[in-house]
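Heads up: the structure comes next, in structure tokens.
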Amino acid sequence: EVIEGLVLREPEPEGSGPWITEDGFTLRKGGVAKAINPLVFDEDPLRLISLFRLCQIHGAKPDRETSLLVRARRVLFEPSLASSARSTKLLREILSERGKVFPAVDALREHGLLYRLIPNFARLHCLVQFEFYHRWTADVHTLRCLLELDAVFNENAPIELAHREILLGTQHPDLLYSTLLLHDIAKAEGIAGHAERGAAEADLILANLGFDAEERRIASTVILHHLRMGLYWQRHDIDDPANIALFAEILGDTDVLRHLFVHTRCDARATSPDLWTAFKDKQHALLYRRTLHQLELGAAASDDSVRRASVGVEVNALLAGAVPVDEISAHLQLMPASYFLHASSAEIAEHLRAVHALIESVLADQPDAALSPQIRWSTEGAETLVQVVTWDRAGLFGRMAGAFAVAGINIMSCRAFSRADHVAIDLFRVILPPDQSDATRAKFVETLESTLVHEVDLRERIDIDDQRQTRLQPKRRPSLSDTPVVRVYDAPELSRTVVEIQAPDRLGLLFRLGSAIRDAGYAITFANIATEKGYALDTFYLMPEPSVQSKPISLSALEAELQKVLTALPAFP
């Protein structure tokens, strides 16, 4: 920029208002800062830093001559100066100027001074990040995090206003700039464990900069967990109070939660422009609100008796005369606490209407109608909520996933509830193909009824459709290895068996996985489905299949079976 400006003789910004003289420089608001004489930095090397603090305050930047002078004289800033009281004070002031931090820190980096102020940061210079999402080098990514936080303080769009309000609810809102600056400080030694190493390293740097023990505790805790919040709602059922209580226990207090909430969004948006979606924003905010509620109320937050009672009153009013009172009462008692977090009174009333219709079909001695699922559709923005109520049976999830695949409907997430009387309530969030919603819905209903009522095996049909789609798939350069990754493990703190899948996305992938899980003797109680850049990133909660008498296979055997299913699929072109 400096050389191009000199060669092309582009004009410097003029700015406005009177010229100000301060600490060896003359500058103008919105204009340029000029050194009074060429020896200004020889007289006081700390002016190398104060120049950029003055530019930050007045919205100015060094003129080209001064910029070249900084580059020539930065060697005067010796390591001992970085820990001086005045130097640390200037850096802390720069990192506390809400909405104006990125330009100042970026200018320090461009002039080679940031690495002298924080020597540890030099290891991130031009460090390529060989990860799924990252577009920029580690140093550029870190500075873009500061740019995202500037936007939180500067912009007035609803999402930025909401994050600003959350951050201003903490005791140290400006601290997040320093946390973001240091959150990847240990990445040069490798991605694995960089959060743990970085938390300890950042604590020492912040101590040298004069941050007190409480500020360091918040920053170090956020750095330690900075990858956790964005993954937690993807890998855990956040409708389950046990999961919320566990996350609250991990973080410990509301200040850490608030900082981590805003940090996660800034970090994700600074990773790649298309990484953070409206769906992720929604899930992220839901996890935040529920964890905040848990931290504020403690054990009382997990007591759902009041919620059940109030829901009972509302549902009885909504269903007066349509569903017997004893059916309503039984339903409210049979459902787990997570159900009442997930469903509103109006939605519960809809579920009960479907359950009642199912029961009525049995009493009317209509075999086909009794086996037919009760299906309801409702639109929520770009997503569609599909409610399926039917009798529980082995492999139910796989059959429904197969019907969605045949109809060309993408599943975003699934929540399954099963009552003790074998009534299953499955809730899917899906994306319908544009301009084909009516035909697509009809195809799904027809396919699901064929497999549930007439026991039609969908495997051959899905294989044919998948082979056709694979042939038509354009050649691609994969972002990740095409080798599938499968993890199956017990999560004792949640009393759950968890399956995590990372594999190239395919038509019917969920159907194949669901079928393999059923054949292994397990039932899926929760599924979180995500597709990123053509890859499926799925999480399932399992329990032993209640309708199967034999004992399910071991978790290691299940992992091997799922790996076999994924590797047996034909490769993409």
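The values are calculated or read from the model by the stated rules, or taken from the named source; none is laboratory data. Keep in mind it's a predicted model, so treat the numbers as computed, not measured. Here the Cβ is made from the backbone with ideal geometry for all residues, glycine too, and neighbour counts use every protein chain on show.
Residue-by-condition table, conditions (1) of a type in the set (Asp, Glu); (2) closer than 20 Å to Thr142 by Cβ:
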| position | (1), (2) |
| --- | --- |
| Gly169 | no, no |
| Leu181 | no, yes |
| Ala188 | no, yes |
| Glu196 | yes, yes |
| Leu209 | no, yes |
| Glu215 | yes, yes |
| Ser220 | no, yes |
| His259 | no, yes |
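Just to verify a result, which residue in region 143-179, among those that are β-branched (Val, Ile, Thr) and under 18 Å from the mean Cα position of the chain (by Cα), is farthest from Asn120 (Cα to Cα)? Lay out the reasoning, then the answer.
First pass over region 143-179, keeping only residues β-branched (Val, Ile, Thr): 152, 159, 166, 170, 179.
From what is left, the residues that are under 18 Å from the mean Cα position of the chain (by Cα) are 152, 159, 166.
On the way: Val152: 27, Ile159: 33, Ile166: 30 Å.
For region 143-179, the residue satisfying everything is Ile159.
State whether one or more residues within region 43-51 are modelled with pLDDT of 95 or more, polar (S, T, N, Q), touching a strand residue (DSSP E or B) at 6+ places or on another chain (Cβ under 6 Å) and under 22 Å from Pro103 (Cβ atoms).
no
For region 192-203, check the following and say yes or no: at least one residue is of a type in the set (A, V, I, L, M), surrounded by 20 or more Cβ atoms within 10 Å (Cβ to Cβ), over 22 Å from the mean Cα position of the chain (by Cα) and modelled with pLDDT of 95 or more.
From region 192-203, those of a type in the set (A, V, I, L, M) are 192, 195, 199-200, 202; that's our starting set.
Add one more test, that the residue is surrounded by 20 or more Cβ atoms within 10 Å (Cβ to Cβ), and what stays is 199, 202.
From the residues that got through so far, the ones that are over 22 Å from the mean Cα position of the chain (by Cα) too are 202.
With the extra rule that they be modelled with pLDDT of 95 or more, the set shrinks to 202.
Looking for residues that are of a type in the set (A, V, I, L, M), surrounded by 20 or more Cβ atoms within 10 Å (Cβ to Cβ), over 22 Å from the mean Cα position of the chain (by Cα) and modelled with pLDDT of 95 or more, one finds at least one in region 192-203, hence yes.
In the same structural domain as Cys266 (by TED's automatic domain parsing) and within 34 Å of the chain's Cα centre (by Cα): which single residue out of Leu127, Leu113 fits that description?
Of the residues listed, the single one that is in the same structural domain as Cys266 (by TED's automatic domain parsing) and within 34 Å of the chain's Cα centre (by Cα) is Leu127.
Would you check which residues across region 210-253 are part of a loop (DSSP other than H, G, I, E, B) and either more than 19 Å from the chain's Cα centre (by Cα) or among the hydroxyl-bearing types (Ser, Thr, Tyr) (or both) and list them? Spell out how you get there, then give the answer.
Restricting attention to region 210-253, the residues satisfying the condition of being part of a loop (DSSP other than H, G, I, E, B) are 210-212, 225-227, 236-240, 252-253.
Gly210, Phe211, Asp212, Gly252, Asp253, listed by residue number.
Condition check ((1) in contact with a helix residue (DSSP H, G or I) (Cβ under 7 Å, 6 or more places away or on another chain); (2) among the hydroxyl-bearing types (Ser, Thr, Tyr)) across all residues:
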| site | (1), (2) |
| --- | --- |
| Arg353 | no, no |
| Ala357 | no, no |
| Arg376 | yes, no |
| Gly381 | no, no |
| Thr390 | yes, yes |
| Gly395 | yes, no |
| Val406 | yes, no |
| Arg419 | yes, no |
| Ile425 | yes, no |
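Among (1) on the phi < 0 side of the Ramachandran plot; (2) in the same structural domain as Ala523 (by TED's automatic domain parsing), there is one condition His422 misses while meeting the rest; what is its number?
The number of the failed condition is (1).
Could you list, in sequence order, all residues of region 446-461 that are surrounded by 16 or more Cβ atoms within 10 Å (Cβ to Cβ) and either at pLDDT below 85 or farther than 30 Å from Pro544 by Cβ (or both)?
Within region 446-461, Arg461 is the sole residue that qualifies.
From the set of residues in region 9-42 that are in a helix (DSSP H, G or I) and surrounded by 12 or more Cβ atoms within 10 Å (Cβ to Cβ), which is nearest to the chain's Cα centre (by Cα)?
Here the answer is Phe41.
Here are Arg73, Arg86, Arg64: which of them is at pLDDT below 95, among the charged types (D, E, K, R) and either under 25 Å from Thr21 (Cβ atoms) or over 31 Å from the mean Cα position of the chain (by Cα) (or both)?
Arg64
In region 264-272, is there at least one residue being of a type outside the set (A, V, I, L, M), in contact with a helix residue (DSSP H, G or I) (Cβ under 7 Å, 6 or more places away or on another chain), more than 14 Å from Val152 (Cβ to Cβ) and at pLDDT below 95?
Checked against the condition, which is being of a type outside the set (A, V, I, L, M), in contact with a helix residue (DSSP H, G or I) (Cβ under 7 Å, 6 or more places away or on another chain), more than 14 Å from Val152 (Cβ to Cβ) and at pLDDT below 95, region 264-272 yields at least one hit.
Identify all residues within region 264-291 that are outside any helix (DSSP H, G or I), among the hydroxyl-bearing types (Ser, Thr, Tyr) and free of Cβ contacts under 8 Å to residues at least 60 places away in the same chain; write none if there are none.
Within region 264-291, just Thr277 meets the criteria.
Could you list, ordered by first residue, the pairs with Cβ atoms under 9 Å in which the first is in region 61-83 and free of Cβ contacts under 8 Å to residues at least 12 places away in the same chain and the second is hydrophobic (A, V, I, L, M, F, W, C), at least 6 apart or interchain?
These pairs meet every condition: Ala72/Phe41.
Could you give every pair whose Cβ atoms fall below 9 Å, whose first residue belongs to region 120-135 and is modelled with pLDDT under 65, and whose second residue is surrounded by 13 or more Cβ atoms within 10 Å (Cβ to Cβ) and in a helix (DSSP H, G or I), counting only separations of at least 6 or pairs across chains?
Correct list of pairs: Tyr133/Ala268; His134/His141.
Condition check ((1) among the acidic types (Asp, Glu); (2) touching a Lys or Arg at 6+ places or on another chain (Cβ under 6 Å); (3) at pLDDT 90 or above) across all residues:
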| residue | (1), (2), (3) |
| --- | --- |
| Pro484 | no, no, no |
| Ile501 | no, no, yes |
| Leu510 | no, no, no |
| Ile524 | no, no, no |
| Ala527 | no, no, no |
| Asp538 | yes, no, no |
| Pro544 | no, no, no |
| Ala568 | no, no, no |
